[in-house]
Amino acid sequence: MSIEAVIWDLGGVFTSSPFEAFNRFEAQRGLPRDLIRTVNTTNPNSNAWALFERGEIDGAGFDRKFLEETTALGHPVRGAEVLPLLSGEVRPRMVEALTICKQRFKVGCITNNMVHGHGPAMATNPESASRGGGIMQHFDAIIESSKVGVRKPDPRIYLMMCEQLRVEARACVYLDDLGINCKAAAQLGMVAIKVVSEPQALADLEGATGLTFPKSQNRS
């Protein structure tokens with residue numbers, strides 16, 4: 001089946017990876033590298049992160065539960081200290097690729113996010129939210145985990161997007177910076193691209209769609 005839609009994750013795809021910010025924070029605080037990622041992958045369906053992304057607890061609840069989880073690992077960190085790290089810098093070439101894809105395909109965004117900050121990208125200030133809004137306006141459909149109560153890699157959230165775009169899963173390309181989310185998409189029949197770097201992701205997207213993207217941001 002030919003490709004009819006390109007579906008995108010948000011953080012770590014259109015913006016720099018929050019994992020980079022996590023590692024900088026850990027280094028500054030003298031914490032073990034990847035402590036935050038370890039917390040987030042322990043009990044992945046019931047930890048603070050999962051509950052907040054499904055909208056089952058609020059910011060105060062996340063702050064408390066994340067502190068409990070990091071304390072159990074011997075390195076107390078409040079959830080409120082971690083949330084500002086989620087807002088990354090926009091990758092202009094990825095945004096340009098989105099606009100090119102939209103000329104030929106349906107485009108959608110599935111984001112695991114929280115009711116925090118400004119907009120779906122959880123920006124830390126209105127200016128950043130405005131830049132994020134510039135990305136979101138291009139999508140034909142947007143699904144936020146905090147609003148629908150389902151988060152990746154639950155297959156239901158991908159199928160929700162297919163229903164909204166009126167396409168079959170096997171007619172979709174899916175981009176995400178997390179392998180576990182890509183695996184779930186692939187199991188549904190999507191062409192999954194794990195975003196390791198911007199150049200790699202764009203090259204893989206070219207191969208999947210037959211499109212050609214500029215090698216540098218178009219500034220004309």
Probe 1.4 Å, all chains present, heavy atoms only: GLU68 accessible area in Å², nearest 10, is 120
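Express the carbon and sulfur contribution to the solvent-accessible surface of the chain as a percent, rounded to the nearest whole number, probe 1.4 angstrom.
That share works out to 50 percent.
Calculate, in nm to one decimal, what ARG24 and HIS75 gain on full extension: separation in residues at 0.36 nm each, minus their alpha carbon distance. Don't skip to the end; give the middle numbers.
On the way: separation 51, 0.36 × 51 = 18.36 nm, distance 1.58 nm.
Computed gain between ARG24 and HIS75 is 16.8 nm.
Distances longer than 19 Å among the Cα atoms of segment 53-108: what percent of all pairs is that? Don't skip to the answer; put the middle values down first.
Numbers: 825 of 1540 pairs.
Tail of the P(r) past 19 Å holds 54 percent of the pairs.
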Counting only protein heavy atoms and leaving out ligands, DNA and RNA, the solvent-accessible surface of ARG64 at a 1.4 Å probe, in Å² to the nearest 10, equals 140
Computed over segment 1-118, the distribution of all Cα-Cα distances in 5 Å bins, rounded to whole %, is 2, 11, 18, 21, 17, 11, 9, 7, 4, 1, 0
Taking N as the number of residues in the chain, the ratio of its alpha carbon radius of gyration to 2.2 N^0.38 Å works out to 1.01
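The values are calculated or read from the model by the stated rules, or taken from the named source; none is laboratory data. Everything quoted here is computed from the prediction, not taken from an experiment. Heads up: the accessible areas ignore ligands, DNA and RNA and are worked out on the full protein's heavy atoms, side chains in. Shrake-Rupley method; radii C 1.70, N 1.55, O 1.52, S 1.80 Å.
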